[in-house]
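Q: First the structure, which I've put down as structure tokens, then a few questions once you've had a look.
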Amino acid sequence: MTETFEPQILAFCCKYCAYAAADLAGSMRLSYPANVKVIQVPCTGRIDILHLLRAIEDGADGVYVAGCLEGECHFISGNLSTRKRVAYVKKTLDSIGIEPERAEMFNLSSAMGPRFAEIAREMTERIRKLGPSPVRCGELRSEK
Ligand code: FES
């Protein structure tokens, strides 16, 4: 008997764009995988490297940040700062033997409900192919 792996994915979504796009997707009755748990943030600039790493440490198989389109952040450059942080998180994951593709950054507007649903499907498929997080599987152990 084979069990289908259902990834647990956290999505930090800016309330001005991605979260509003998620609402729009709901109003348009567009479905997206229940694997994605959305967390609303006032701006992606509020997301720290530790939030993303902690999500993985606590058992998420994937994590992504969805912010306003570049140049349209309500706090001027929050999304640009976070893009750099996500890049840093990817490097950190890679350095400890975790696939960097488990973390991602997206930009979208509040009018992009279909894109929101598409991103959720893309990330779910991506993480499903990668399999469960090595952290969750207990494959990462310090060798002392
Ligand atoms: Fe949306 Fe900053 S207000 S990313």
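Q: Take the stretch 49-75 and flag every residue that is within 13 Å of the chain's Cα centre (by Cα) and part of a loop (DSSP other than H, G, I, E, B).
A: The first filter runs over the stretch 49-75 and keeps only residues within 13 Å of the chain's Cα centre (by Cα), leaving 49, 51-56, 60-67.
Passing the criteria: ALA60, ASP61.
Q: Also: Would you check which residues across the stretch 82-98 are open to solvent by less than 70 Å² (accessible area, probe 1.4 Å), more than 9 Å from the ligand (Cβ to nearest atom) and part of a helix (DSSP H, G or I) and list them? Lay out the reasoning, then the answer.
A: Of all residues in the stretch 82-98, those open to solvent by less than 70 Å² (accessible area, probe 1.4 Å) come to 82, 85-87, 89-90, 92-93, 97-98.
Filter once more, keeping what is more than 9 Å from the ligand (Cβ to nearest atom): 85-87, 89-90, 92-93, 97-98.
Matches in the stretch 82-98: ARG85, VAL86, ALA87, VAL89, LYS90, THR92, LEU93.
Q: Among the residues of the stretch 90-108, is any in contact with a Lys or Arg (Cβ under 6 Å, 6 or more places away or on another chain) and more than 25 Å from GLU139 (Cα to Cα)?
A: Yes, there is a match, as at least one residue in the stretch 90-108 is in contact with a Lys or Arg (Cβ under 6 Å, 6 or more places away or on another chain) and more than 25 Å from GLU139 (Cα to Cα).
Q: Of (1) more than 22 Å from THR4 (Cβ to Cβ); (2) crowded, with 20+ Cβ neighbours inside 10 Å; (3) among the hydroxyl-bearing types (Ser, Thr, Tyr); (4) in contact (Cβ under 8 Å) with a residue 40 or more places away in the chain, TYR64 satisfies all except one. Which?
A: Here TYR64 clears every test but (1).
Q: Something else: Of these, ASP48, ASP58, which one is more than 18 Å from ASP23 (Cβ to Cβ) and within 16 Å of the ligand (Cβ to nearest atom)? It would help to see each step written out before you state the result.
A: Numbers: ASP58 fails: within 16 Å of the ligand (Cβ to nearest atom).
Step by step, each of ASP48, ASP58 is checked, and only ASP48 is more than 18 Å from ASP23 (Cβ to Cβ) and within 16 Å of the ligand (Cβ to nearest atom).
Q: Then there's this: So, in the stretch 1-46, exactly how many residues are closer than 24 Å to ASP61 by Cβ and not in a strand (DSSP E or B)? Let's see the steps before the verdict.
A: The first filter runs over the stretch 1-46 and keeps only residues closer than 24 Å to ASP61 by Cβ, leaving 1-14, 18-19, 21-22, 25-26, 30-41, 44, 46.
Next, only the ones that are not in a strand (DSSP E or B) stay: 1-8, 18-19, 21-22, 25-26, 30-35, 44, 46.
Number of matching residues: 22.
The values are calculated or read from the model by the stated rules, or taken from the named source; none is laboratory data. What you are looking at is a predicted structure, and each value in this text was computed from that prediction instead of being measured. Every residue, glycine among them, receives a Cβ derived from its backbone with ideal geometry; neighbour counts consider all protein chains shown. These accessible areas exclude ligands, DNA and RNA; they are computed on the full protein's heavy atoms, side chains included. Shrake-Rupley method; radii C 1.70, N 1.55, O 1.52, S 1.80 Å.
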